[in-house]
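These notes are about the structure you will find just below.
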Amino acid sequence: MSTSDPLPERWPERWSRLLNRVAARRAALSRPATAFLSQPEPRSIGYLARGRQLCAGNFVFAGHLVEAPDTSIWDLDPPDAAFAAQLHGFGWLDDLAAAGDTPARARAQAWLWAWIDRYGKGTGPGWTPDLTGRRLIRWISQALFVLSGQPSEASAPFFRSLAQQTAFLSRRWQAARPGLPRFEALTGLIYAGLSLEGMQTHLDPALTALARECSDQIDAQGGVPTRNPEELLEVFTLLTWAAMALSESGRTAGEAHWRAIERIAPTLRTLRHADGGLARFHGGGRGLEGRLDSALATSGVKTRRMDGLAMGFARLGAGRTSVIIDAAPPPTGPASAGAHASTLALELTSGRRPLIVNCGSGNSFGPDWRRAGRATPSHSTLVLANGSSARLSNDKRHPEWLSEAPRNVPVNLTKAPDGLRFEGAQDGYRRSHGLTHVRQIDLTSDGRGLAGRRHAARHRGDGQTPL
């Protein structure tokens, strides 16, 4: 299957890049910020080992390792666009801050000011709304780390670039894709509006837009359209960071903002395995170590979802065992661009040990592995004739969207004689084989026993799916 983008998709992307470039050049004329009014606490988790790797010249981003000792991060030749995006998003600044020693600080300062010199006038791949929002969050929250020991004249280009990026975001946040990219853009704009002198006028419009996104993108059950657990965690993290930054500045998050946090927290608890990681479904991985528990603790929301599905997933939990099952049709339309043919797949974790897992997204291994990871054989569920229960679209305009996916997925969660029972069915193989996949999972009340039964049943003539 070709990995090139078809022409109808290239033109909108090209036009968006042009508009981003024009907005970035216009933003270079903005009046600079001169000081911090307040500074949110660093809340993102950096890793000491990664910080030391960076200092040693080992650059690990998007699944690639580039070994280049004594080389500026901006002199690297990125293997792909995902690698470049992680460079320009400045998430690595957290890792250098975690290391915190003189070599780490020296690299952080040198690489940040080198970015301003090389890309600060609106050039390079980092001028997209989501990356700019991500970068602003890191620069503002880690400002004490990067400004420490710098001469006073060094702060002028730093504040000038912060103002330029804020002005760019105020014009282009709407161009970010709905979902996580737009939440990143708006959170960065909120951080800037709260923290930077002269940027306060951007705050209220950003809060209004964030409230609208919370209502539009977070459903009543606390889920996102992509059904990607890791994406939900990232959105939740941004919302809690924004709420805490507002609180520290003497303001409060709006009603829609807080309600979204309160809806998401119970869903994330349902999607949390016994070892603290997330279930791997629909392009999402386990999440960074400690990120999930930290975000839940920071939110202060203690509620749990007591029954039913959470973002289309069922959970059986007993003792120190967790079973999480994809129990709903996969996403459709634009939200399915990273979705998997994983209906009725399960993951099982006992204590700190994942015992049954899906393969994961495969994103970091390139497009071929990414597509293989989306197929049903990469999941712990029934596979018929090496086929998938959902297929990639034949529409050349949207080759990454799913089509022919299961649409009827009845499920039933009940008490079993000695624990919990899940029963479900899905009709993804009806068109190709005339069969329905039926699955039953029983987990004992102490979490030490799991019994399952799955089979493909002949589809009934009355149009009903058997359970």
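For R370, are the conditions met, namely being of a type in the set (K, R) and under 30 Å from A318 (Cα atoms)?
Considered against the rule, which asks whether it is of a type in the set (K, R) and under 30 Å from A318 (Cα atoms), R370 comes out as no.
Looking at (1) over 26 Å from the mean Cα position of the chain (by Cα); (2) modelled with pLDDT under 70; (3) loosely packed, with under 14 Cβ neighbours inside 10 Å; (4) within 22 Å of T132 (Cβ to Cβ), which is the one condition that is false for A35?
Status for A35: all satisfied but (2).
With the checklist (1) within 21 Å of the chain's Cα centre (by Cα); (2) part of a loop (DSSP other than H, G, I, E, B); (3) not small (G, A, S) in hand, flag the one item L268 doesn't pass.
For L268, the exception is condition (2).
So which residues in the range 394-417 are in contact with an Asp or Glu (Cβ under 8 Å, 6 or more places away or on another chain), over 20 Å from H340 (Cβ atoms) and part of a loop (DSSP other than H, G, I, E, B)?
Selection gives R397 alone.
Could you say which residue among V438, V383 is among the aliphatic types (A, V, I, L, M), without any contact (Cβ under 8 Å) to a residue 40 or more places away in the chain and more than 25 Å from G284 (Cβ to Cβ)?
V438
Out of all the residues in the range 345-372, which are crowded, with 21+ Cβ neighbours inside 10 Å, outside any loop (DSSP other than H, G, I, E, B) and not charged (D, E, K, R)?
L346, L348, T349
Considering only residues that are in contact (Cβ under 8 Å) with a residue 24 or more places away in the chain and loosely packed, with under 14 Cβ neighbours inside 10 Å, which ones fall in the range 64-80?
Matches in the range 64-80: S72 only.
Mind listing just one residue for me: the one in the range 354-363 that is touching a residue at least 24 places away in the same chain (Cβ under 8 Å) and in contact with a strand residue (DSSP E or B) (Cβ under 8 Å, 6 or more places away or on another chain) and, of those, nearest to S336 (Cα to Cα)?
Among residues in the range 354-363 that are touching a residue at least 24 places away in the same chain (Cβ under 8 Å) and in contact with a strand residue (DSSP E or B) (Cβ under 8 Å, 6 or more places away or on another chain), the one nearest to S336 (Cα to Cα) is N358.
From the set of residues in the range 160-218 that are more than 20 Å from the chain's Cα centre (by Cα) and not in a helix (DSSP H, G or I), which is surrounded by the fewest Cβ atoms within 10 Å (Cβ to Cβ)?
The selected residue is E197.
Just one of P181, P125 is closer than 21 Å to V22 by Cβ and at pLDDT 95 or above; which is it?
One residue alone meets the criteria, P181.
Residues F83, F61: which one is within 21 Å of A106 (Cβ to Cβ), buried (at least 19 other Cβ atoms within 10 Å of the Cβ) and modelled with pLDDT under 95?
F61
The values are calculated or read from the model by the stated rules, or taken from the named source; none is laboratory data. These figures come from a predicted structure and were not determined experimentally. Counting neighbours? That spans all protein chains shown, and the Cβs are built from the backbone with ideal geometry, glycine included.
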